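The values are calculated or read from the model by the stated rules, or taken from the named source; none is laboratory data. Just so it is clear, the structure is predicted and the values come from calculations on it, not from any experiment. Heads up, the Cβs are rebuilt from the backbone with ideal geometry, glycines too, and the neighbour counts pull from every protein chain shown. SASA here: full protein model, heavy atoms, side chains in, ligands and nucleic acids out. Shrake-Rupley method; radii C 1.70, N 1.55, O 1.52, S 1.80 Å.
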Amino acid sequence: MTDNQKQADYWSSSAGLKWIQFEEELDTVFEAVNETLVNMAQPQCGERIVDIGCGTGATTRAFAEHLGPDGYISAIDISKPLLSHAKSRSRGVETRTNYSLTDAQADAMTDGPFDVAVSRFGVMFFADPVAAFRNIRKWLRPGGRLAIAGWASVDGNPWFEAPRDGAIAQLGPADPSDPHAPGPLGFQNIDHVTAILEDAGFANIEANCSTIVMRHPGPLESVAALAANIGPAARIIKKYGGNADDVRAIAKHVHEAFRPFEEASGVRIPARLNLFTADAGN
């Protein structure tokens, strides 16, 4: 079994399907990330875009707003349930959109070439990232653009730090991991990712670590429950076979950690992202 198959299994399991269960809240929290990615990619009316790791489709719909009826989006993911759900949410989208079960590391795309490849937290999971980005580069027209939003390190990222610490305190340590290993934090090292893109043949690579503010309308209890059910907490809960009591204990920890972010208008959580742009060259 390849690592990519393991990822497909994970994102099709109950842990991955929580992204459907908590879709409305997650779409709200990550709206600021979508806005950042759109600003990076600068989509134009009529362009063709591939959205890599589209999940439940929020990024696909965000980009569709900028492409008009002559544009086109190919939304791909490795999880059949997430992809099916994303497709069900596409009604009323003006831009032509196609959803396909695709492993970006290995599969060809018959609906290219594309002007832009984008991904919000979707390209950090490849077993062979250089091979994956070489493949993605093939999908782009000469000079085609790439825009990626990934997570920076856990430290200083309370969205990861608080639930991770709560889960460890409740259940036990997480599995030790290589900081470059496939996973949500696989792109935490900017130099490492820049080298991957260079090896894959991309040009004019630009990268920076940026802090944005993710917003949730509240109450704080809802944000804490959300963070306790996904991400690093979900992985530790799965490792130890945690139960509902464990989730509540983790949520209580997150609740206390997130108190400084609570305001009258909701909860504002700072997030550190690594942002990358490049082009496919000639």
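What the table shows:
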| quantity | calculated |
| --- | --- |
| Long-range HN-HN contacts of GLY156 with modeled amide H, under 5 Å | none |
| Most fluctuating residue given options ARG272, ARG89, ARG145, as computed from a GNM of the chain linking Cα atoms under 10 Å | ARG89 |
| Where labels lie 7 Å past Cα in the beta-carbon direction, separation of ASN282 and ASP191 in nm | 3.2 |
| The stretch 25-30 - phi-based ³J(HN,Hα) in whole Hz, Karplus 6.51/-1.76/1.60, Gly and Pro as x | 5, 5, 4, 5, 4, 8 |
| Normalised per residue, the volume of the convex hull around the Cα set of the stretch 4-100 (Å³) | 90 |
| Probe 1.4 Å, protein heavy atoms only - accessible area per residue of the stretch 131-221 in square angstrom | 45 |
| Estimated D of the stretch 74-188 in µm² per second, where Rh is the Kirkwood radius over Cα pairs and Stokes-Einstein applies at 37 °C, 0.692 mPa s | 201 |
| Unsatisfied cross-links (Cα-Cα over 26 Å) in the set LYS18/LYS239; LYS18/LYS138; LYS6/LYS252; LYS87/LYS239; LYS138/LYS239 | LYS18/LYS138; LYS6/LYS252; LYS87/LYS239; LYS138/LYS239 |
| For the chain, calculated [θ]222 nm from helices alone, where every DSSP H run of n ≥ 4 adds -39500 (n - 2.57) | -12500 deg cm²/dmol |
| Gaussian network model of the chain, Cα within-10 Å springs - most flexible of ARG259, ARG215, ARG137 | ARG259 |
| Point-charge dipole on Cβ atoms (K/R +1, D/E -1) for the stretch 81-155, about Cα centre, debye to 20 | 260 |
| Simple Cβ-charge dipole of the chain, Lys/Arg +1 and Asp/Glu -1, about Cα centre, in debye nearest 20 | 400 |
| Heavy-atom surface of the stretch 232-282, accessible at 1.4 Å and reported per residue (Å²) | 50 |
| Nonlocal amide H pairs with PHE114, under 5 Å, H built at 1.01 Å | LEU140, ARG141 |
| Whole-Hz ³J(HN,Hα) from phi, Karplus 6.51 cos²θ - 1.76 cosθ + 1.60, for the stretch 123-139, glycine and proline x | 10, 9, 10, 6, 5, 10, x, 5, 4, 4, 6, 4, 5, 4, 4, 5, 6 |
| Tensor-based shape of the stretch 217-282 (alpha-carbon gyration tensor, a/c under 1.5 rounded, otherwise prolate or oblate) | oblate |
| Percent carbon-and-sulfur accessible area, the chain, ignoring ligands, DNA and RNA, probe 1.4 Å | 48 |
| Distance between the stretch 217-250 and the stretch 9-75 - C-alpha centres, whole angstrom | 24 |
| In degrees, nearest ten, helix 244-257 long axis to first principal axis of the chain (Cα) | 80 |
| Net +/- balance of residues flanking GLY57 in space, Cβ distance below 15 Å, scoring K and R +1, D and E -1 | -1 |
| Distance cut-off 33 Å, percentage of C-alpha pairs in the chain lying past it | 18 |
| Whole-Hz couplings from phi, Karplus 6.51/-1.76/1.60, listed for the stretch 155-167; x for Gly and Pro | 4, x, 10, x, 4, 9, 5, 5, x, 4, 5, x, 5 |
| Net dipole in debye of the stretch 136-241 [+1 Lys, Arg Cβ; -1 Asp, Glu Cβ; about Cα centre; nearest 20] | 500 |
| Shape call, the stretch 212-255: gyration tensor on alpha carbons, a/c limit 1.5 | oblate |
